Structures are given as C-alpha cells and as structure tokens.
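J.: The structure is given below, and queries will be raised subsequently.
None of the figures in this text is laboratory data; all of them are computed from the coordinates on show. No experiment lies behind these values; they were computed from the predicted model shown. Virtual Cβ from ideal backbone geometry, glycine too; neighbours counted across all protein chains shown.
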Amino acid sequence: MNAAYSPYSPLRIGGIALRSRLFLGTGRYPSPAVMREALEASGAHVVTFAVRRIDLDVAEDDPLLGQMGGKDLIYLPNTSGASTADEAVRIARLAKEAGLGNWVKVEISGHPRLLLPDPAETLRATERLAREGFTVLPYTSDDPMQALRLEEAGAAAIMPGGSPIGTGLGILNPYHIGWIVENAGVPVIVDAGLGSAADAATAMELGADGILVNTPVAKARDPVAMAAAMRLGVEAGWLSRQAGRIPRRAYASASSDETGALFAEATSARGGRP
C-alpha cells in the first residue's frame, strides 16, 4: 500500500506521534483479562480511565494499571465524576503527582442522567490546566462555538460527543461534527455515543482525527472482536476520507461512457476502435 494512504499515518497530539487513531476506555469490561485482550486487539496507543478508580497512593501497584503494565501506552486520566472546574483541576493535579503523566481528559458532567458536559465549567478547567502545562483534551458537546472556545483556551485536542455517553446512538448531528473538524486548528477526537465500527468509520469519514470508545467495546457480546472491528472501522474511515468519495447525485450516472466502453481512455487511445 502507498505510504501516503497508510492507516498508520501518525496523529500528533501534545508533540507526540501516536501509532493509532483509536483511543480506548478501560471501564465496564466483564473481566480484567477481557479488557487486556481487547486493548491488544484494538491496537490503541492512548488509554483512558477515571482517576477516581485508581488508588493514587500506590498507583504503580494499582490493579487496573497493572493490566497495562509493560505496554507502550499513553495514559489519559479523566476527571469523570467532577461537577466543577475546581474538582477537575484537583483530580488532574493528583493524577500528575501520582506519576500518571500530564495528559488529562477534562470531563465535567452537568446532569447525572444526561451526562452531557457542562460548557462553562469545562472551559474554565481547560484554561487553568493548559496554563499549568497539562496536555488537555476536553470532552465537549457537538457545539461548534464551544469547540472554538476550548481551542482558544489551550486545548491540545477537542473531543466532541457524537451522542450522549453510553447510548450507542452514533453521530446524531454530522453537520456539527463536520463543522468542528473543518474549523479546528487542533485534532478532533469524536468521543461518546458511538455503537459500532460503522459509527467509527462515519466519524473518520467526516474528517475526525480519531475516536475514543469504551462502552461499545466493553459491553459488546464479544468485546475483543468489537475492539478489532473498531480498529478496522477507524482505518477504513480514515482511508476513505483520504481517497475522497464521489459526490452525491440526484440521478443515476452510468459507469461506462455513451459508446458503452468500460474504459473511455483506452477506447480513445485506439482511435475509438473497441
């Protein structure tokens, strides 16, 4: 395959070249062993987990992190459970002090049932953490203006949701996701609401730089198979975007020319002879 179209063309965030455009969450798997196998099948380079699930006093011996020991991974601790910017900043600082790195996914929910991000508190947390030198990836809604504000606040990437967390509804507003992608000056990672590899491919065809999934893999009938499917969906969608789809038309268009030739150029080169 031509290297220009390789699905492994690196995505760079925070100065680091990532070997995969699929980010994987680590919660809700049926067992640690299944999570470990799914991680392997996904090929993910970045893994996310809620800081509240980690014993920060002995992070090096934490059972969850132990499942990922020995792998070349980038940890993306998230601030799930925070309801204010102050809480999110405190969680990020604790994770950094525990040796989990300076990447953080800011996740501040405004409602316990919707789990949609609180725009004002998310923006405040992003501004503060970016000033402190964190590589901040804020989870946000698919609001294009909020995405621009987060980028201006110092976000290293924008993570708009396709639909509410865990719903599996896919991308409810492709127009907004496409607009965010078109106008962003930083990578766009579609996060939340995806349900299948088809949704992953759709996100990438819209121009996303990557996707983050957890529930659709962890709660699938076969999480390991779904992890592999998500990897292939991301690669297929990215390649399709690079290749450039044909325009949508209102009417049919024959694949052969008016003379009935399958290859118009070859027919022309023979002076019109079949």
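J.: To make sure I understand, if each residue's beta carbon is the centre and we count other beta carbons within 10 Å, what order do LEU39, LEU115, LEU22 fall in, fewest to most? Each step should come with its number before you reach the end.
T.: Numbers: LEU39 22, LEU115 17, LEU22 25.
Ascending Cβ contact count within 10 Å gives the list LEU115, LEU39, LEU22.
J.: Quick one: order ASP143, ASP191 by neighbouring beta-carbon count within 10 Å, fewest to most.
T.: Least to most surrounded, the residues fall as ASP143, ASP191.
J.: Please give the net charge around GLY154, taking every other residue with its beta carbon less than 9 angstrom from that of GLY154, where Lys and Arg add +1 and Asp and Glu add -1.
T.: Values: positive: ARG131; negative: GLU127, GLU151, GLU152.
Residues near GLY154 contribute -2 overall.
J.: Something else about it: In what order do LYS71, LYS105, LYS96 fall by count of nearby beta-carbon atoms within 10 Å, going from fewest to most?
T.: LYS71, LYS96, LYS105
J.: Hey, another quick one. Please report the equivalent ellipsoid semi-axes of the stretch 3-269, computed as sqrt(5 x eigenvalue) of the Cα gyration tensor, largest first, in whole Å.
T.: 36, 21, 17
J.: Within a Cβ distance under 13 Å of ASN214, other residues only, what is the Lys/Arg minus Asp/Glu net charge?
T.: +2
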